[in-house]
1. Using a 1.4 angstrom probe with every protein chain in place, what is the largest-first accessible-area order of H393, H202, H100?
2. Could you give the accessible area per residue of the range 243-337, probe 1.4 Å, as a whole number in Å²?
3. Per-residue accessible area for R159 at 1.4 Å probe radius, Å² rounded to 10?
4. Using the Karplus equation 6.51 cos²θ - 1.76 cosθ + 1.60 (θ = phi - 60°), what ³J(HN,Hα) coupling, rounded to whole Hz, does each residue of the range 66-80 give in order, writing x for Gly and Pro?
5. Just read off the accessible area of W139 with the full protein assembly in place, 1.4 Å probe, to the nearest 10 Å².
6. Note down the accessible area of L131, probe 1.4 Å, to the nearest 10 Å².
7. At D284 and E155, where each label point lies 7 Å from the Cα along Cα→Cβ, what is the point-to-point distance in nanometres?
8. Taking a 1.4 Å probe, which of Y345, Y59 shows the most accessible area, and what order do the others take after it?
Amino acid sequence: TYGAFGSSLALTPWILGVLICSLILESLKLYGIAGKSFYVIDIVQRIQRKYVRFLARNYFCYSAAFIEWVAGVKVIIHGNDKNILTDSNEDNKIFIVSNHRTPIDWMFGGWSYSVMLKKYLHISFVLKNPLKNVPFYGWAAQAMMWVFLQRKREEDIPRMQTVILYLMDIDNDEALSLFLFPEGTDLSNSNIIKSNQFAQDHKLPEMSYVLYPKPAGFSVCLDQLLVNNSYSNPTNNSRHNANVIIHDITIAYRDFKPGVRTVEKSIINGEFPTEIHLWVDRYDAARDVPLDSVKRNEWLRSLFLSKEQRLKSFYNDEAAVGQAPASWPPVLMTSSEVSVWQRLYAVVVVLGWTSAWLLLMWNVPLVSVASVACFSLFALSPFFGGVDSIVLHNHHIHTGRRSSGNDIKGK
């Protein structure tokens with residue numbers, strides 16, 4: 001418990017420092033836009049791209065190291081297609097979808113998985129909006145341009161489209177990885193009841209280990225990734241010009257307490273799962289996913305009906321430590337195979353930055369700056385939608401396009 005708390009606390013000053021840098025960069029960019037100084041804007045955007053990559057690389061590597069070294073969680077990838085391990089962001093856009101058993105699935109299916117497969121340089125998560133306002137961690141997610149949803153269709157669809165287009169435009173030398181939970185919420189008892197009510201209404205089989213997916217968000221994300229265009233090239237609408245690979249994850253837990261889901265409170269108490277098993281299937285989106293909306297919805301639903309059977313066998317069949325049931329595919333990789341030097345570098349960077357900020361905090365003026373920054377970050381979300389909304393707004397001004405949805409509140 002103390003190890004988990006200490007490791008998490010070490011990220012706090014580091015994230016605050018990075019966010020202060022983010023606000024400064026956005027201020028400089030706005031200055032360039034106001035003065036129509038495209039030279040200033042281009043320099044700032046180059047710096048910003050490098051900063052976001054630096055943030056993402058070390059944030060994920062440090063977190064993945066913490067998950068295994070401090071929390072003692074072993075992540076195991078299963079699959080029948082070894083291309084999963086070699087898919088490159090240089091050639092493909094990677095669309096990762098997963099079932100959503102607990103509120104912290106993104107730590108394991110997201111952080112750990114992306115680091116194991118080296119897809120952490122430019123991955124964005126689609127999460128519920130309340131997480132956006134969590135101090136420090138939510139602010140860091142804003143800086144990394146994760147997609148936050150209000151669960152209001154009329155606002156969420158334009159928001160997803162806007163952020164994905166921005167990410168493809170701002171860093172087009174490396175393709176985007178996007179992570180989505182198609183169920184839209186986790187596997188709580190109340191959500192299972194709602195999902196099974198939907199199943200009864202539509203004469204579908206009831207499920208206990210997954211929920212029925214919501215196809216709208218999946219289709220919007222997939223269509224935006226498939227269309228090989230951005231603000232820089234808005235007229236190229238051929239979906240087959242984009243090479244999108246889907247990694248379909250079925251996530252299963254060996255919980256700290258058998259049969260008890262690992263939730264946020266479990267993490268606070270230091271009750272981490274012992275093992276995370278990820279069954280990963282690989283699909284070529286242009287080839288394997290139907291274009292017709294009805295057939296696409298059926299295709300997505302079939303994935304989750306398969307997950308139900310996989311998870312039923314996982315939780316009902318006895319298996320040795322480190323292994324899944326015989327019905328699961330072979331192990332492709334474990335978290336212990338990730339380079340120790342890669343993780344140590346991230347730990348040194350994060351702790352070094354943290355130590356530097358703690359030393360500087362003895363300086364009264366800097367304490368004042370940090371306090372003002374924290375207050376500003378608290379105020380940005382209710383009044384302006386957060387750091388990510390300011391980034392989108394500035395970029396849209398620069399490209400001559402208006403913000404979509406409620407990118408900046410009150411605009």
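The values are calculated or read from the model by the stated rules, or taken from the named source; none is laboratory data. Keep in mind that what you see is a predicted model, and the values were worked out from it rather than measured. Counting neighbours? That spans all protein chains shown, and the Cβs are built from the backbone with ideal geometry, glycine included. Ligands, DNA and RNA are excluded from the accessible area calculation, which covers all protein heavy atoms including side chains. Shrake-Rupley method; radii C 1.70, N 1.55, O 1.52, S 1.80 Å.
1. I get H202, H393, H100, largest accessible area first.
2. For the range 243-337, the solvent-accessible area averages 48 Å² per residue.
3. Solvent-accessible area, nearest 10 Å²: 20 Å².
4. 4, 4, 8, 6, 9, 7, x, 8, 9, 9, 10, 9, 10, x, 9
5. Per-residue accessible area (W139): approximately 0 Å².
6. Only protein atoms counted, so the area is about 50 Å².
7. Using points 7 Å along Cα→Cβ, the separation is 4.0 nm.
8. I get Y345, Y59, largest accessible area first.
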